Structures are given as structure tokens and as C-alpha cells.
Amino acid sequence: MSVFQDKEIAIYDAVPMQSADSKGKRPAESPRSTAMVNVRTVTDMLVAESWGLEVNRDIQVTCSNPIDVAPGEYVGYQDDMFKVVGAPIYDSHVALMCKRI
């Protein structure tokens, strides 16, 4: 069975901020890989609240195949960058909950 996944995301490692004052992480300069996926804007208020996301701003990425990305890393989609805040486990697919940065 073929699954229609027509959006491409770029996957970025999380790297330490370069300034001495910063203790956070940022996306690496270049992506380590890409993946073909489905992307949809989060529209359900309960889903958004449970993951700390904003309705009509943040995204959920789904794919039928495993994707090598973990919470805390980043995905680029179109002209936006998103931090992966969660990766719920499902039997049928992979999901990533992503907050625009």
C-alpha cells in the first residue's frame, strides 16, 4: 500500500547557542537530512493546549515511516523553523508536534 506524503521537511540537529550568555539550543546551520511527510496546522484547541502549541500557528507532522528526529531537535518547513516538542507513538504512523520558533 502506498501512502501519499507530499511535503518535504528538513531535519536539523539542536546545537548550543554560541554566545557565552545563552544556555539554550538553536538549529544547526545545515539540515542533516530531509523526509517526505504530511503536514497540517494544529487546529484543535485541546491538542494545542496539551502540547503547549498555538492553534493555527504550529504544526503536526505525520509519516507512515520512522523519521530520525527527537523532541528538542528542529524541522524546517517552507520558510519556517519549528522545534519538535513531542513525538507521540502510534501503531500506524509517526507524529511530531512542532512549535514555530
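Throughout, read-outs are computed from the coordinates displayed, never taken from laboratory work. Remember, predicted model here, so these are calculated numbers, not experimental data. Neighbour counts run over all protein chains shown; Cβ positions are idealised from the backbone, glycine included.
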Q: Quick one: among Pro71, Pro31, Pro88, which has the greatest mean-square fluctuation in a GNM of the chain with alpha-carbon springs under 10 angstrom?
A: Pro88
Q) Relative contact order for the chain using alpha-carbon pairs under 8 Å, separation at least 6, rounded to a whole percent? A) 25 percent
**Q.** Proximal charge balance of Arg100 [Cβ under 12 Å; K/R count +1, D/E count -1]
**A.** -1
Q | Likely footprinting exposure, Tyr77, Tyr12, Tyr90, fewest C-beta neighbours within 10 Å first | A | Tyr90, Tyr77, Tyr12
Q: Calculate for the chain the 222 nm mean residue ellipticity that helices alone would give, adding -39,500 (n - 2.57) per DSSP H run of length 4 or more and normalising by residue count, nearest 500 deg cm²/dmol.
A: -1500 deg cm²/dmol
(Q) Are there any trypsin sites (Lys or Arg not before Pro) in the range 15-62 that are in a DSSP loop and have at most 14 other Cβ atoms within 10 Å? List them by number. (A) Lys23, Arg32, Arg57
Q. So between Asp79 and Arg40, what do we pick up on full extension, going 0.36 nm a residue minus the alpha carbon distance?
A. 12.5 nm
